[in-house]
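Working notes, structure below.
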Amino acid sequence: MESPELTREEVLKRDIPWETYMTAKLINSRGLQLLRRYDHRPDSVQAALLDEDGVAYVSVFVGILRDISKQETVEYMLAMIDDMLIANPKRARLFHNKAFANEDIYRPFLKLLQKKNWFIQEKSCKILTLVISARPNDEGEIDDTADSFSDILRSLVDWLISQLRTPSHPTRGIPMAVSSLATLLRLSKVRAMFVRADGIRLLAPLITPAVTQQHIQLLYEASLCLWLLSFHEAAIDAFSTSRVVPRLVEVVKTSTKEKVARVGVLTFCNLSNKPNLAAEMVDLGMLKVVQSLKLQAWNDEDFIQALDIVDVAMKDSIRKLSSFDRYKGEVLSGNLDWTPMHKDPVFWRDNITKFADNDFQVLRVLITIVDNSRDTRTLAVACHDIAQFIEYHPAGRGIILDLKAKERVMKHMAHPNPEVSKQALLCVQKILLSAKYASYIQ
């Protein structure tokens, strides 16, 4: 990669021989006149010229990128356009003037993305992103250029995906791609293309707690991409398969930057109405995270409202997850996990009488699991649940003794797995103590 650290300011110090290009008929006399008036002039003069004849200048600038291949000149023109847009991003609208109706203003920048030159790639990507985002009626427009524009978007998304996989620049390639996507993913077409290209899986590793300012900005823009993708129904499955939800929960939990926490919670706001993802969020402790955030003072009303929405959604999900039918299904499957209901006092209080159904079928299966299972997590949860039964059922201790569960649990007190031995010990203690004192053992 040539001159990877080349800056816009350095490039704009160059003197480009525009007259030579007119002699070679690569620009016309009108173009030369405009360039002479504009090049190396003070910012205020350039601004006035663009206000007066901006469309003509854009036509000359794009024409140079289309017709001239000399690297130094291409770099200079990209720097000039970049400078123009930094001063006033609304100037990107000039590229969509009716004067360009029969001209492909995107293609020159798209072709430059293939150059083995980081400065040219970065500036072309940045400019192309801004110009596309300024396109009027992107979402609903149906015209003769719609297919052509879709091809442009597809090519750009493919290139950005390639940057996430194998960046052109070791430290700036991925941030540039993510920054561009954080703008482009506002378009539904881009969201669909990105999901089909398995882009969420490539974003997932970037969702990790950050310390330095540079990494915080990258994390924020990557999280912003996820928020935009959370509006796209086809992306929901990818959120699960890419394991991005646990990463985002950890980021929201640990972030000290309001903008990062805010965009994460807004994403969960959209995902919390999807039952599978809501259940995953519950398992990851999102309710506690949200309740902790609600204790802090925030000025952003949208953030506060989003916290309330996620809080209600998590509680509703816990209620649904804590149904006895769901619990019974888990027990009968023989595979137990620390789903919310196991430690939820409300679940045990509300459902303890249902354990008597079918001659204590569920309880008998729990005891069988304790006797036969080799899975440590399943064993730990089963011992815990038998202890919960003793605590919450008025005759729990007697029933457990009648079913001869004590001996079966006791053998696990010496289990090599610390969680299994801990839960077995707590269970045996509750069996040996009267119901009056069982609740004190946790």
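Some observations on this one:
- Only helices (runs of 4 or more DSSP H) whose full extent lies in segment 206-257 are considered here, and the ones with at least 1 residues that are crowded, with 21+ Cβ neighbours inside 10 Å and of a type in the set (S, T, N, Q) are 213-229.
- Checking segment 120-131 against the condition returns no match, with no residue being in contact (Cβ under 8 Å) with a residue 40 or more places away in the chain, charged (D, E, K, R), exposed (fewer than 15 other Cβ atoms within 10 Å of the Cβ) and in a helix (DSSP H, G or I).
- Leading residue by the ranking (modelled with the lowest pLDDT) among those in segment 261-306 that are of a type in the set (Val, Ile, Thr) and under 26 Å from Lys343 (Cβ atoms): Val282
- Subset of segment 77-89 [surrounded by 19 or more Cβ atoms within 10 Å (Cβ to Cβ) and more than 29 Å from the chain's Cα centre (by Cα)]: Met77, Leu78, Ala79, Met80, Ile81, Met84
One line per residue, one yes/no per condition, for (1) more than 24 Å from Asp283 (Cα to Cα); (2) within 9 Å of the chain's Cα centre (by Cα):
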residue	(1), (2)
Arg191	yes, no
Thr208	no, no
Gln213	yes, no
Asp237	no, no
Val245	no, yes
Leu248	no, yes
Val251	no, no
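- Residue within segment 188-198 that is modelled with pLDDT of 95 or more, surrounded by 20 or more Cβ atoms within 10 Å (Cβ to Cβ) and under 23 Å from Ser255 (Cβ atoms) present: no
- Residue that is most open to solvent (accessible area, probe 1.4 Å) [pool: residues in segment 365-383 that are over 19 Å from Val428 (Cβ atoms) and without any contact (Cβ under 8 Å) to a residue 40 or more places away in the chain]: Arg374
- Pair list, Cβ < 9 Å and 6+ apart or interchain, from segment 345-357 residues that are farther than 17 Å from Ile399 by Cα and in a helix (DSSP H, G or I) to residues that are at pLDDT 90 or above and of a type in the set (Ser, Thr, Tyr): Pro345/Tyr392; Phe347/Tyr327; Arg349/Tyr392
- Evaluated against (1) farther than 18 Å from Ala134 by Cα; (2) part of a helix (DSSP H, G or I); (3) open to solvent by 20 Å² or more (accessible area, probe 1.4 Å), Lys25 falls short on exactly one condition, (2).
- Going through (1) of a type in the set (A, V, I, L, M); (2) open to solvent by less than 40 Å² (accessible area, probe 1.4 Å); (3) more than 25 Å from the chain's Cα centre (by Cα) one by one, Met314 falls short only on (3).
- From the options Arg66, Arg14, residue that is open to solvent by 50 Å² or more (accessible area, probe 1.4 Å), assigned to a helix (DSSP H, G or I), under 30 Å from Gly173 (Cα atoms) and touching a helix residue (DSSP H, G or I) at 6+ places or on another chain (Cβ under 7 Å): Arg66
- Of all residues in segment 236-252, exactly one satisfies the criterion of being in contact with a Gly (Cβ under 9 Å, 6 or more places away or on another chain) and modelled with pLDDT under 95, namely Ala238.
The values are calculated or read from the model by the stated rules, or taken from the named source; none is laboratory data. This is a predicted model, so every value here is computed, not measured. Neighbour counts run over all protein chains shown; Cβ positions are idealised from the backbone, glycine included. For the accessible areas, the whole protein counts, side chains as well, though only heavy atoms, and no ligand, DNA or RNA atoms are used. Shrake-Rupley method; radii C 1.70, N 1.55, O 1.52, S 1.80 Å.
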